[in-house]
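Novice: Structure in structure tokens, see below.
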Amino acid sequence: MRFNGQSIYDFEYSSGEVRFYAYPLMRGQNIFRVEASNPSGQAAEELIINFEEKVIEQVPAPRINFLTNHSIKENSKTKQCEWSAEATVSGVTGKDQIDVRLNGQPVPFSYTQGKIYVLVNVSEGTHELYASAINQSGRAEDRISGRCVTTSSIPKPLVTFVTPAVSPSSTQTSLTSILVDVRNISNSRDIKLLVNGKPQYDFTFVNEQLKANILVNDGANSVEVIATNQGGIGNASVQITKVGGINLARKPIIEIQTPSNGHKTRESSIEVKASIRNVTHKDNVEFWVNGSRNNNFQFNPATSSMNAVVSLANGQNVFLIKAKNAAGQAENSVQVTKEVIQKRPPIISISKPADGMSTEEKVVTLVAKIDNISSKSQIHLVINGAPTSDFQWADNTLTCNILTIVGSNTAQINATNDDGSDQKNVRFTVTKSVAAPIINFENPKISPQITRESSMKVVAEILNVERKDIVFYIDGRVTPNFEWNDQTKRLSYQVMLNKGENNFKIDASNSAGTRSEKRQVKYFAVQVVPPPTVSIESISVPTENPFEPGVARSTYVAKITGISSSANLKVLINNVPVTDFNYNSTTGMVSGVMNLIKGINKLRIEATNSSGFHYAEKELAY
């Protein structure tokens, strides 16, 4: 008894039956072999069992997370809010593993493709939405809160003019100030200021008070403030009449004080100052930077001063100021150049070795070009984690011979100057030199080898591999339970031979390649039948066909003994088997025609029976 090549002695035998217990199976192929012998001979049988170990996958714990796009919106019909929310969930197989609650009470939801969707009605106030998921590996939960606010609880805006307090009112100047109380509003975006029906955006809103300096026309002017919130709309208006006063019939005058035209600087920003006379409001001033309008400036009508701090682009910058009033418009511009100091930080380029390459060399040369470096002291080289100064530096090129180690090797180059630094890395792998596999059959040594023994021990020397790198075949079937001596590097296996041909093959592989060797053993049991004989009696002189120049034929005759049919006969012409021959089993004569080729032609006839094998050969020149 053998199990995967190992002998088994713990078995029972009774009434022609063998019983034994299966040893622990190995993953993959397991071979049980039973051999029996008596004085009349031997017999053997094998059973192959493939064992595939079942792997139980661990189910991951669930995960659940509400998305941030949930919303609470008022339903104007119900005076309540609709709360819609989504959550992602994983690690569950169905809706029954999910629980969703609003303020602790279960609520309906839908579940599809890893998402849950919730839509619930909530009353005014703060509420909590909770969701959990559970499976055999654990539990997960998440919660969000939201507030429902209805319009019925929000008071409408209240708008009251403080200055002017009465309407209509009068002024003698084109620029006049207004002060307005605006209650129940938190953001200036919810307020509109209209002067004579046109929106005005230059106002402040602090502590529920709107302040603005507005430009009015001669005669009656309407000023209106409109405020909007979720509770509704509030508004108030006054009429301001301009009588007499300042004459603005003169066109604007613009004088750019700084910078001067053609100014050059290396700073990243600059302050622009200008005097703009005969203009009473910022809305009548435009400031342009490099062709784009810029509203980030200040203008004081009382002092006629305008100023702005501007970021400069490299090269030429153009500042243009435009102003207008009822009498006309004006503009002025200056050009400023930002000078750029060209920085030249180090630039490293590694040309050798190639990153990620694999080699068997013990010494690898590192070559790198480093620009904008004037001294070797500005370079820091690290080889396999250790700093080194053993490198050459000439003509902006670093050269270093690296004594490699088996496995991963790294080189890091750092270069620094006053303008900056650069770093480059290269990684490569060094492998051991591996010789190709070598297979030497020691038994059988020749192929085919003829034997009359019923069993044989196959022995082969296999170099430069390990046992796991070897595949042994018997008659095309993998036989894993061979014996392997790691000291002598020899494979051995005792084989019960089949009558006739027995084919053995060994494959050996390593990183250097694969080698295969084959041997054939022909086993002929002892028989009273004498072995066959083959005798080629004649081959005729070549004859050519006059209608086919260059084509010649010869006929042959041979005598065969010891076989009973042509199935035991093989005819080869120039090493190519042919079947178009005649065999007379009564006389044992074989005859046929040879198609000849220029040169030496070879005729080989083989005969096989249970007692052995015989052949004869003859050559014919043409």
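The values are calculated or read from the model by the stated rules, or taken from the named source; none is laboratory data. Computed from a predicted model, the values in this text were never measured in an experiment. All Cβ positions, glycine included, derive from the backbone under ideal geometry; neighbour counts span all protein chains shown. Ligands, DNA and RNA are excluded from the accessible area calculation, which covers all protein heavy atoms including side chains. Shrake-Rupley method; radii C 1.70, N 1.55, O 1.52, S 1.80 Å.
Novice: Could you please find all residues in segment 527-557 being under 15 Å from Met594 (Cα atoms) and in contact with a Phe, Trp or Tyr (Cβ under 9 Å, 6 or more places away or on another chain)? Step through it out loud before you land on a result.
Specialist: If we filter segment 527-557 for residues that are under 15 Å from Met594 (Cα atoms), which is where we start, we get 536-545, 550-557.
Selection gives Ile536, Glu537, Ser538, Ile539, Ser540, Pro542, Ala552, Ser554, Tyr556.
Novice: Could I ask something else about it? Quick check on segment 178-202: of everything there that is modelled with pLDDT of 90 or more and within 18 Å of Val279 (Cβ to Cβ), which residue is farthest from the chain's Cα centre (by Cα)?
Specialist: Val195
Novice: For the structure I just gave you, tell me whether Ser358 is over 30 Å from Ser433 (Cβ atoms) and of a type outside the set (D, E, K, R). Outline the logic, then answer.
Specialist: Working: over 30 Å from Ser433 (Cβ atoms): no; of a type outside the set (D, E, K, R): yes.
It is false that Ser358 is over 30 Å from Ser433 (Cβ atoms) and of a type outside the set (D, E, K, R).
Novice: Still on this structure, please answer the following. Answer yes or no as to whether Val225 is aliphatic (A, V, I, L, M), closer than 25 Å to Pro301 by Cα and part of a strand (DSSP E or B). Working first, answer last.
Specialist: Values: aliphatic (A, V, I, L, M): yes; closer than 25 Å to Pro301 by Cα: yes; part of a strand (DSSP E or B): yes.
Criteria met by Val225.
Novice: So which residues in segment 399-429 are in contact (Cβ under 8 Å) with a residue 60 or more places away in the chain, in a strand (DSSP E or B), touching a Lys or Arg at 6+ places or on another chain (Cβ under 9 Å) and open to solvent by 10 Å² or more (accessible area, probe 1.4 Å), if there are any at all?
Specialist: Asn417, Gly420
Novice: Could you tell me whether any residue of segment 243-254 is open to solvent by 50 Å² or more (accessible area, probe 1.4 Å) and over 28 Å from Ser170 (Cα atoms)? Steps first, answer last, please.
Specialist: Filtering segment 243-254 down to residues open to solvent by 50 Å² or more (accessible area, probe 1.4 Å) leaves 243-251, 253.
Cutting the leftovers down to over 28 Å from Ser170 (Cα atoms) gives us 253.
Scanning segment 243-254 turns up at least one residue that is open to solvent by 50 Å² or more (accessible area, probe 1.4 Å) and over 28 Å from Ser170 (Cα atoms).
Novice: Could you check segment 430-472 and list, in sequence order, the residues that are more than 30 Å from Thr404 (Cα to Cα), surrounded by 13 or more Cβ atoms within 10 Å (Cβ to Cβ) and hydrophobic (A, V, I, L, M, F, W, C)?
Specialist: Ile439, Phe441, Ile450, Met456, Val458, Val459, Ala460, Ile462, Ile470, Val471, Phe472
Novice: Which of (1) more than 39 Å from the chain's Cα centre (by Cα); (2) open to solvent by 50 Å² or more (accessible area, probe 1.4 Å); (3) not small (Gly, Ala, Ser) is the odd one out, the single condition Val120 does not satisfy?
Specialist: (2)
Novice: Considering only segment 393-431, state which residues are closer than 14 Å to Pro346 by Cα and within 30 Å of the chain's Cα centre (by Cα). Can you show your working first?
Specialist: Our first condition is that a residue be closer than 14 Å to Pro346 by Cα; within segment 393-431, this holds for 396-398, 413-424.
Correct list: Ile413, Asn414, Asp422, Gln423, Lys424.
Novice: Any idea which of Val318, Val340 is of a type in the set (A, V, I, L, M, F, W, C), closer than 30 Å to Gln423 by Cα and either open to solvent by 30 Å² or more (accessible area, probe 1.4 Å) or in a loop (DSSP other than H, G, I, E, B) (or both)? Reasoning before the result, please.
Specialist: On the way: Val318 fails: closer than 30 Å to Gln423 by Cα.
It is Val340.
Novice: Just to be sure before I move on: is Ile48 among the aliphatic types (A, V, I, L, M), outside any loop (DSSP other than H, G, I, E, B) and in contact with a Gly (Cβ under 9 Å, 6 or more places away or on another chain) in the structure I sent?
Specialist: Values: among the aliphatic types (A, V, I, L, M): yes; outside any loop (DSSP other than H, G, I, E, B): yes; in contact with a Gly (Cβ under 9 Å, 6 or more places away or on another chain): no.
Spelling it out, it is not the case that Ile48 is among the aliphatic types (A, V, I, L, M), outside any loop (DSSP other than H, G, I, E, B) and in contact with a Gly (Cβ under 9 Å, 6 or more places away or on another chain).
Novice: For the condition free of Cβ contacts under 8 Å to residues at least 40 places away in the same chain and touching a Phe, Trp or Tyr at 6+ places or on another chain (Cβ under 7 Å), what is the one hit in Ser611, Ser585, Ser566? Walk me through it before giving the result.
Specialist: Working: Ser611 fails: free of Cβ contacts under 8 Å to residues at least 40 places away in the same chain; Ser585 fails: touching a Phe, Trp or Tyr at 6+ places or on another chain (Cβ under 7 Å).
When all the criteria are applied, what remains is Ser566.
Novice: What's the total number of residues in segment 140-152 that are surrounded by 13 or more Cβ atoms within 10 Å (Cβ to Cβ) and at pLDDT below 90?
Specialist: 5
Novice: If a residue must be free of Cβ contacts under 8 Å to residues at least 24 places away in the same chain and open to solvent by less than 70 Å² (accessible area, probe 1.4 Å), how many such residues does segment 5-19 contain?
Specialist: Going through segment 5-19, the residues free of Cβ contacts under 8 Å to residues at least 24 places away in the same chain turn out to be 7-19.
Checking which are open to solvent by less than 70 Å² (accessible area, probe 1.4 Å) leaves us with 7-8, 16, 18.
The total comes to 4.
Novice: Examine segment 221-231 for a residue that is modelled with pLDDT of 90 or more and open to solvent by 70 Å² or more (accessible area, probe 1.4 Å), and state whether such a residue exists.
Specialist: No, there is no match, as no residue in segment 221-231 is modelled with pLDDT of 90 or more and open to solvent by 70 Å² or more (accessible area, probe 1.4 Å).
Novice: Among the residues of segment 343-380, how many are in a loop (DSSP other than H, G, I, E, B), out of contact with any Asp or Glu (no Cβ under 9 Å at 6 or more places or on another chain) and of a type in the set (S, T, N, Q)?
Specialist: The number of residues fulfilling the criteria is 2.
Novice: Scan segment 468-494 for residues that are assigned to a strand (DSSP E or B), within 16 Å of Pro437 (Cα to Cα) and of a type in the set (Lys, Arg) and report the count.
Specialist: Result for segment 468-494: 1.
Novice: Here's a follow-up. Within segment 298-318, is even one residue of a type in the set (Phe, Trp, Tyr) and out of contact with any helix residue (DSSP H, G or I) (no Cβ under 8 Å at 6 or more places or on another chain)? It would help to see each step written out before you state the result.
Specialist: The first filter runs over segment 298-318 and keeps only residues of a type in the set (Phe, Trp, Tyr), leaving 299.
Within this subset, residues satisfying the condition of being out of contact with any helix residue (DSSP H, G or I) (no Cβ under 8 Å at 6 or more places or on another chain) are none.
No - not one qualifying residue is present in segment 298-318.
Novice: Which members of segment 473-491 meet the condition of being open to solvent by 20 Å² or more (accessible area, probe 1.4 Å) and free of Cβ contacts under 8 Å to residues at least 60 places away in the same chain? I'd like the intermediate steps shown before the answer.
Specialist: Going through segment 473-491, the residues open to solvent by 20 Å² or more (accessible area, probe 1.4 Å) turn out to be 473-478, 480, 483-490.
Answer for segment 473-491, where residues must be open to solvent by 20 Å² or more (accessible area, probe 1.4 Å) and free of Cβ contacts under 8 Å to residues at least 60 places away in the same chain: Tyr473, Ile474, Asp475, Gly476, Arg477, Trp484, Asn485, Asp486, Gln487, Thr488, Lys489, Arg490.
Novice: Oh, and also: Tell me, yes or no, whether segment 52-68 has at least one residue that is without any contact (Cβ under 8 Å) to a residue 40 or more places away in the chain, open to solvent by 60 Å² or more (accessible area, probe 1.4 Å), within 30 Å of Ala525 (Cβ to Cβ) and of a type in the set (Ser, Thr, Tyr).
Specialist: The initial filter retains those residues of segment 52-68 that are without any contact (Cβ under 8 Å) to a residue 40 or more places away in the chain, namely 52-57, 67-68.
So of that shortlist, the ones also open to solvent by 60 Å² or more (accessible area, probe 1.4 Å) come out as 52-57, 68.
With within 30 Å of Ala525 (Cβ to Cβ) added as a condition, the list becomes none.
No, segment 52-68 contains no residue that is without any contact (Cβ under 8 Å) to a residue 40 or more places away in the chain, open to solvent by 60 Å² or more (accessible area, probe 1.4 Å), within 30 Å of Ala525 (Cβ to Cβ) and of a type in the set (Ser, Thr, Tyr).
Novice: For segment 73-113, which residues satisfy the criterion of being among the small types (Gly, Ala, Ser) and open to solvent by 60 Å² or more (accessible area, probe 1.4 Å)?
Specialist: Ser76
Novice: Give segment 360-391 a look and list any residue that's surrounded by 11 or more Cβ atoms within 10 Å (Cβ to Cβ) and over 23 Å from Thr429 (Cα atoms), or say none.
Specialist: Correct list: Ile370, Asp371, Asn372, Ile373, Lys376, Gln378, Ile379.
Novice: Output yes when any residue across segment 54-62 is in a strand (DSSP E or B) and over 30 Å from Phe3 (Cα atoms), and no when none is. If you could, list the steps in order and put the result at the bottom.
Specialist: Applying the first criterion (in a strand (DSSP E or B)) to segment 54-62 yields none.
Checking segment 54-62: not a single residue is in a strand (DSSP E or B) and over 30 Å from Phe3 (Cα atoms).
Novice: In addition: Please list, ordered by first then second residue, the pairs with beta carbon atoms under 9 Å, 6 or more apart or interchain, first in segment 544-557 and within 15 Å of Glu617 (Cα to Cα), second open to solvent by less than 90 Å² (accessible area, probe 1.4 Å) and of a type in the set (D, E, K, R).
Specialist: Pairs found: Tyr556/Lys618.
Novice: May I ask you to list the residues in segment 153-165 that are at pLDDT 90 or above and either of a type in the set (Val, Ile, Thr) or in contact with a His (Cβ under 6 Å, 6 or more places away or on another chain) (or both)?
Specialist: Val159, Thr160, Val162, Thr163
Novice: Need a quick list: strands (runs of 3 or more DSSP E) entirely within segment 501-584 having at least 1 residues that are under 56 Å from the mean Cα position of the chain (by Cα). Quick ask: steps written out before the conclusion?
Specialist: Values: elements: 513-523, 533-539, 543-545, 548-561, 569-573, 576-578, 581-584.
Per the criteria, 513-523, 576-578.
Novice: Counting just the residues of segment 153-180 that are open to solvent by 30 Å² or more (accessible area, probe 1.4 Å) and in contact with a Phe, Trp or Tyr (Cβ under 9 Å, 6 or more places away or on another chain), which one comes out farthest from Ser84 (Cα to Cα)? So that I can check it myself, show each step before the final result.
Specialist: First pass over segment 153-180, keeping only residues open to solvent by 30 Å² or more (accessible area, probe 1.4 Å): 153-156, 158, 160, 162-163, 165-168, 170, 172-173, 175, 177, 179.
Add one more test, that the residue is in contact with a Phe, Trp or Tyr (Cβ under 9 Å, 6 or more places away or on another chain), and what stays is 167, 179.
On the way: Ser167: 49, Leu179: 43 Å.
Restricting to residues being open to solvent by 30 Å² or more (accessible area, probe 1.4 Å) and in contact with a Phe, Trp or Tyr (Cβ under 9 Å, 6 or more places away or on another chain), the top hit is Ser167.
Novice: Mind checking whether some residue in segment 156-177 is within 30 Å of Val92 (Cα to Cα), in contact with a helix residue (DSSP H, G or I) (Cβ under 9 Å, 6 or more places away or on another chain) and either touching a residue at least 40 places away in the same chain (Cβ under 8 Å) or outside any loop (DSSP other than H, G, I, E, B) (or both)? First the steps, then the outcome.
Specialist: Taking segment 156-177 as the starting set, the residues that turn out to be within 30 Å of Val92 (Cα to Cα) are none.
Looking for residues that are within 30 Å of Val92 (Cα to Cα), in contact with a helix residue (DSSP H, G or I) (Cβ under 9 Å, 6 or more places away or on another chain) and either touching a residue at least 40 places away in the same chain (Cβ under 8 Å) or outside any loop (DSSP other than H, G, I, E, B) (or both), one finds none in segment 156-177, hence no.
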